[in-house]
């Protein structure tokens, strides 16, 4: 129940257990062709989705070094630990970032971004995080895209934990670049990074003078046009991805979004019913729910007991939130039953730690939400 890596469906694992095949073959080209088509469906775009053998952070770095040059100015909206990563990557490439720091647990008001763009009319990009995994806060991507679409700046969205869980309509909303990773809503192990690139963003790619080799968008696009990859791909992961994407398409992306929203609401309702406090109540995401640890209780104790006594993995807090929150994911290959098991175990852990709660209240609240049509 962590926000990545998430559980891998058995059907996907069985696909990846098959004998390896060579990547420069018609057989693998058919797989790439299908994967590319299905990625476009999940990303909700007609634009190419480039695939790299990397974590999601690799995809983030690829976006920076392909869109920008040293001394370019960008706006970075930092709503948590992963928003800060955009700044760190930009710094590595000599890109000047104008940082907008938002209080952790809150989403950025689009008006703040609009004002920042007026102050920095030469900003070439705006970097945001769809779902800030460290805080559980989700941003209003559509509203931000409405603003950036009227400027020269491209909107770059980190959807590593958000893709497949939080609603994201890339082309319809006017999002220029979306980056993601494999081990979250796409339900396969870590190791693949993805980037979708709009025509507006490709114009920046043509101007970029930043050093790049493996992460070169132009080389990747040239190979993709031939249904190929410029270098050896993560063959087994791509084969697993083909199966995972097929599962998503069969369910439909709208149903996947709805399922995540229902599990998220059930989790939040259960937490509140137990008398606990949500960390990001005003901007909750469909991917992960951070919960404040009860007064006098170290959140890491809750994480450790859930794992050691009940075999349930949740995530602890990061940076300044370490020990103060724990995070329950409802992301990817997770079900209503998983939520109920986690809430039940959480109630028992809290009782063991001496927290006064009404046992069964969380379970009842979650069941009520999950039973709603």
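The values are calculated or read from the model by the stated rules, or taken from the named source; none is laboratory data. What you see is a predicted model; the values in this text were computed from it and never measured. Note that we place each Cβ from the backbone using ideal geometry, even for glycine, and neighbour counts take in every protein chain shown.
Give the residues of the stretch 191-211 that are part of a loop (DSSP other than H, G, I, E, B) and either touching a strand residue (DSSP E or B) at 6+ places or on another chain (Cβ under 7 Å) or closer than 20 Å to residue 37 by Cβ (or both), sorted by residue number.
Within the stretch 191-211, 191, 198 qualify.
Within the stretch 307-315, identify whether any single residue is assigned to a loop (DSSP other than H, G, I, E, B), in contact with a strand residue (DSSP E or B) (Cβ under 6 Å, 6 or more places away or on another chain), touching a residue at least 60 places away in the same chain (Cβ under 8 Å) and farther than 19 Å from residue 368 by Cα, and answer yes or no.
Yes, the stretch 307-315 has at least one match.
Considering only the stretch 59-68, I want to know if a residue exists there that is surrounded by fewer than 20 Cβ atoms within 10 Å (Cβ to Cβ) and at pLDDT 95 or above.
No, the stretch 59-68 contains no residue that is surrounded by fewer than 20 Cβ atoms within 10 Å (Cβ to Cβ) and at pLDDT 95 or above.
What about residue 272, is it in contact (Cβ under 8 Å) with a residue 24 or more places away in the chain, more than 18 Å from the chain's Cα centre (by Cα) and not assigned by TED's automatic domain parsing to the domain that holds residue 180?
So residue 272 fits the description; yes.
Report yes if residue 296 is part of a loop (DSSP other than H, G, I, E, B), over 22 Å from residue 103 (Cβ atoms), touching a residue at least 60 places away in the same chain (Cβ under 8 Å) and out of contact with any helix residue (DSSP H, G or I) (no Cβ under 8 Å at 6 or more places or on another chain), otherwise no.
So residue 296 does not fit the description; no.
Note down all Cβ pairs under 8 Å where the first residue falls in the stretch 180-209 and is touching a residue at least 24 places away in the same chain (Cβ under 8 Å) and not assigned by TED's automatic domain parsing to the domain that holds residue 152, the second is surrounded by fewer than 24 Cβ atoms within 10 Å (Cβ to Cβ) and in a loop (DSSP other than H, G, I, E, B), and they're at least six residues apart or on different chains.
none
Checking the structure you have, find out if any residue of the stretch 88-99 is closer than 21 Å to residue 285 by Cβ, assigned by TED's automatic domain parsing to the domain that holds residue 181, under 20 Å from the mean Cα position of the chain (by Cα) and surrounded by fewer than 18 Cβ atoms within 10 Å (Cβ to Cβ).
no
Can you find even one residue in the stretch 9-30 that is touching a residue at least 60 places away in the same chain (Cβ under 8 Å) and on the phi > 0 side of the Ramachandran plot?
no
Taking the stretch 322-331 as the region of interest, how many residues are buried (at least 24 other Cβ atoms within 10 Å of the Cβ) and either in contact with a helix residue (DSSP H, G or I) (Cβ under 8 Å, 6 or more places away or on another chain) or assigned by TED's automatic domain parsing to the domain that holds residue 184 (or both)?
Residues that pass the stated criteria total 5.
Could you give every pair whose Cβ atoms fall below 9 Å, whose first residue belongs to the stretch 232-247 and is outside the structural domain of residue 163 (by TED's automatic domain parsing) and touching a residue at least 40 places away in the same chain (Cβ under 8 Å), and whose second residue is surrounded by fewer than 21 Cβ atoms within 10 Å (Cβ to Cβ) and not in a loop (DSSP other than H, G, I, E, B), counting only separations of at least 6 or pairs across chains?
Cβ pairs passing all conditions: none.
Taking the stretch 54-82 only, how many residues are within 17 Å of the chain's Cα centre (by Cα) and within 21 Å of residue 191 (Cα to Cα)?
12
Of all residues in the stretch 212-227, count the ones that are in contact (Cβ under 8 Å) with a residue 12 or more places away in the chain, under 20 Å from residue 34 (Cβ atoms) and buried (at least 16 other Cβ atoms within 10 Å of the Cβ).
Summing the residues that are in contact (Cβ under 8 Å) with a residue 12 or more places away in the chain, under 20 Å from residue 34 (Cβ atoms) and buried (at least 16 other Cβ atoms within 10 Å of the Cβ) in the stretch 212-227 gives 2.
Does residue 160 fit the bill of being surrounded by fewer than 24 Cβ atoms within 10 Å (Cβ to Cβ) and in contact with a strand residue (DSSP E or B) (Cβ under 9 Å, 6 or more places away or on another chain)?
no
Of the residues 334, 348, which single one is out of contact with any helix residue (DSSP H, G or I) (no Cβ under 6 Å at 6 or more places or on another chain), over 30 Å from residue 167 (Cα atoms) and surrounded by fewer than 22 Cβ atoms within 10 Å (Cβ to Cβ)?
None of the other options fit; the residue is 348.
For residue 319, all conditions in the list (1) surrounded by fewer than 23 Cβ atoms within 10 Å (Cβ to Cβ); (2) modelled with pLDDT of 95 or more hold save one; what is the number of the exception?
Failed condition: (2).
Out of 117, 155, report the one residue that is assigned to a strand (DSSP E or B) and either over 12 Å from the mean Cα position of the chain (by Cα) or surrounded by fewer than 17 Cβ atoms within 10 Å (Cβ to Cβ) (or both).
Exactly one of 117, 155 is assigned to a strand (DSSP E or B) and either over 12 Å from the mean Cα position of the chain (by Cα) or surrounded by fewer than 17 Cβ atoms within 10 Å (Cβ to Cβ) (or both), namely 155.
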